[in-house]
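Please read the structure below before turning to the comments.
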Amino acid sequence: MRILAQSILSAAILAGVVAQEPPKTESTPPAKLELATVPAINLHPDPAGTVPQEQIRELLRRVGEKDIENEKRLRDYTYIQREEEHKLDGDGKVKKVESRTSEVLVVYGEHIERLIAKDDKPLPADEAKKEDERIQKITDKRKNESESDRRKRSEREEKDREDGRKFVREIADAFDFHLAGSELIDGRDTWILNAEPRPGYQPKDRESKMLLKLRGQIWIDKAETQWKKFDVTTLDTISFGLFLARIHKGTRIVVEATRVNDEVWLPKHVSLHVGVRVALLKNFNEDIEQTFHDYKKFRTDTKFTVVGETTQ
């Protein structure tokens, strides 16, 4: 479930579902976002109160390009991630609550989760030691990686990221959007758009087919043309990993973003209620809440401290 929830989050903008690993970092700072200098798009309803679809799609394309830039900038940040799982019985009642808190670190250009608490209690000394040893092994592996292996890994990661970008860019064309109004969220003025799958739309690849199984709303910050929140419901079952896991029809997914360092929008909160069949063997239902906070920009000119090392 943790991998599934992370996959839902990583897709960004509207659909929220891309089966990929957590974003990676790079050793060089990302380029400045050119779109930041482009004036915000204003939606202009016609006399009947309808906003032309092409005007809305242009807004969503702009949002998509900025979200891709946000994904790049996320690779330069460490943060705290907390996940809470509410395990439900057959009647939908909570029978068990578990939580895991992790510190997401940058280790030789890669995001690595270091578990620091369970059920909001610090790890026992022996478990903390095992986590430190695990991080050290990853660090040693990356430190001793050959130039050829590093290049191959980088190419694989870039291909995964490009697949995600193609997915995000397709969202503007996969839905019919309608302006539902405006709303202040966290003091920021946003457009509210309703989204329905576009009749007759032909997805460009296998992953994009899942877009036709979603409907919902997206909140877009008017000043910065960034998505602030989306709330979607699945219209049919969505399968992952060669049908080893499924998000069932009627699942509701809500994702919120926040502005960090006056330069980037990053995940703030994810929630979903979903029934999942894992490996076609076991059924269970869970409510999941993920929160992200304490974002800190990783300085590429500072050596990362791991077990057995000291800062310079």
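Just wondering, is there one or more residues in the range 173-185 that are among the aliphatic types (A, V, I, L, M), assigned to a loop (DSSP other than H, G, I, E, B) and surrounded by fewer than 15 Cβ atoms within 10 Å (Cβ to Cβ)?
Initial filter on the range 173-185 (among the aliphatic types (A, V, I, L, M)): 174, 179-180, 184-185.
Restricting the remaining residues to those that are assigned to a loop (DSSP other than H, G, I, E, B) gives none.
No; the residues of the range 173-185 include none that is among the aliphatic types (A, V, I, L, M), assigned to a loop (DSSP other than H, G, I, E, B) and surrounded by fewer than 15 Cβ atoms within 10 Å (Cβ to Cβ).
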Filtered residues of the range 65-95 (kept if under 26 Å from GLY250 (Cα atoms) and in contact with a Leu (Cβ under 9 Å, 6 or more places away or on another chain)): VAL94, LYS95
Residues GLY164, GLY250, GLY216: which one is out of contact with any Gly (no Cβ under 6 Å at 6 or more places or on another chain), at pLDDT below 90, outside any helix (DSSP H, G or I) and within 30 Å of HIS293 (Cα to Cα)? GLY250
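Determine whether TRP191 is under 16 Å from GLN53 (Cβ atoms) and at pLDDT 85 or above. Give the derivation first.
Details: under 16 Å from GLN53 (Cβ atoms): yes; at pLDDT 85 or above: yes.
Yes, satisfied.
The values are calculated or read from the model by the stated rules, or taken from the named source; none is laboratory data. What you see is a predicted model; the values in this text were computed from it and never measured. Quick reminder, even Gly has a Cβ in these numbers, built from the backbone with ideal geometry, and neighbours come from all protein chains shown.
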